[in-house]
1. Could you please put Glu100, Glu112, Glu125, Glu105 in sequence from largest to smallest accessible area, using a 1.4 Å probe?
2. The range 160-210 to the range 109-126: how many Å between their Cα centroids?
3. Roll a 1.4 Å probe over the protein heavy atoms and report the accessible area of Phe174 in Å², nearest 10.
4. So how do Leu59, Leu113 rank on accessible area, 1.4 Å probe, biggest first, that is with the largest at the start?
5. If you plug each phi of the range 82-93 into the Karplus form 6.51 cos²θ - 1.76 cosθ + 1.60 with θ = phi - 60°, what whole-Hz ³J(HN,Hα) values come out, in order, with x for Gly and Pro?
6. Rank Ile124, Ile117 by accessible area, highest first, at a 1.4 Å probe radius?
7. Would you tally the net charge around Val118, using a Cβ to Cβ cut-off of less than 15 Å, leaving Val118 out, and scoring K and R as +1, D and E as -1?
8. Cα gyration tensor of the range 83-135, axes a ≥ b ≥ c as square roots of the eigenvalues: rounded (a/c below 1.5), prolate (a/b > b/c) or oblate?
Amino acid sequence: PCDCAKQTQFGRDYSSGNFMFHKGLQGYAEPLESRKTNPIKPNRPGVRCCCRGRRRGWLLSMLFDNSTSMRRYVLRTGLISLVPSLIIVIALAQSGIMNEDTGPEFKGSPIELLITIVIIGPPIETLLMGPVLWVLSRITKRQVRLAALSALVWAGLHSLSAPAWGLGVFWPFFVFSCSYLAWRRRAWWRAILVTSCVHAFQNILPAIAVITTQ
């Protein structure tokens, strides 16, 4: 999918200069003269941006790929979110940046914490993410930059509770924002459902760690 404001302009065929936009390809475009020799394949890694000819790397292509099944996307994107965030948190803990004073503190029974962190928290924050992205879209329409700004906002909000927490959640919220933006192009409810599931997947291990260390 394209990383520009034109990506929402799909649903019918239309021409723009030397490019043809095709129904259902969600912003993917290719020069008309190359269509016969280079068949169009939507959502492939490194596709060209329809307006500036830029290429998106394989990781971002997977994050913005809404052509796969929701179940497969949740599993794949959950791992993309979880693995790097664990490395970041371990590095912060080893360096002393994240400790008992600067890290988050959770209180409650194990069942309450599990329900709050895994079941209740993700949908609530996903519902709030929509308005945040809408406001930030006044600053930029580019999807990657928009996701980065959203992650910065959420990192700042988490840092208000615990200073080092924001450093640990920046990457996951960048992934969540990419997920929301990708699936919002399909439907609002898909964006909420998929992003909430990715967020819940991300929170499972931290929730278990919080419960076992109490």
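1. On the way: Glu100 175, Glu112 110, Glu125 45, Glu105 145 Å².
Largest to smallest exposure gives the sequence Glu100, Glu105, Glu112, Glu125.
2. Cα centroid to Cα centroid, the span is 13 Å.
3. Around 20 Å² of this residue is reachable by solvent.
4. Details: Leu59 55, Leu113 10 Å².
I get Leu59, Leu113, largest accessible area first.
5. 6, 4, x, 5, 5, 4, 5, 5, 4, 5, 5, 5
6. Result of the area sort, largest leading: Ile124, Ile117.
7. Result for the local shell: -2.
8. Cα axes put the range 83-135 in the oblate bin.
The values are calculated or read from the model by the stated rules, or taken from the named source; none is laboratory data. Quick caveat: nothing in here was measured; it's all calculated off a predicted structure. In this analysis, Cβ positions are derived from the backbone assuming ideal geometry, glycine residues included, and neighbour counts consider all displayed protein chains. Side chains are part of the model used for accessible areas, which takes the heavy atoms of the whole protein and leaves out ligands, DNA and RNA. Shrake-Rupley method; radii C 1.70, N 1.55, O 1.52, S 1.80 Å.
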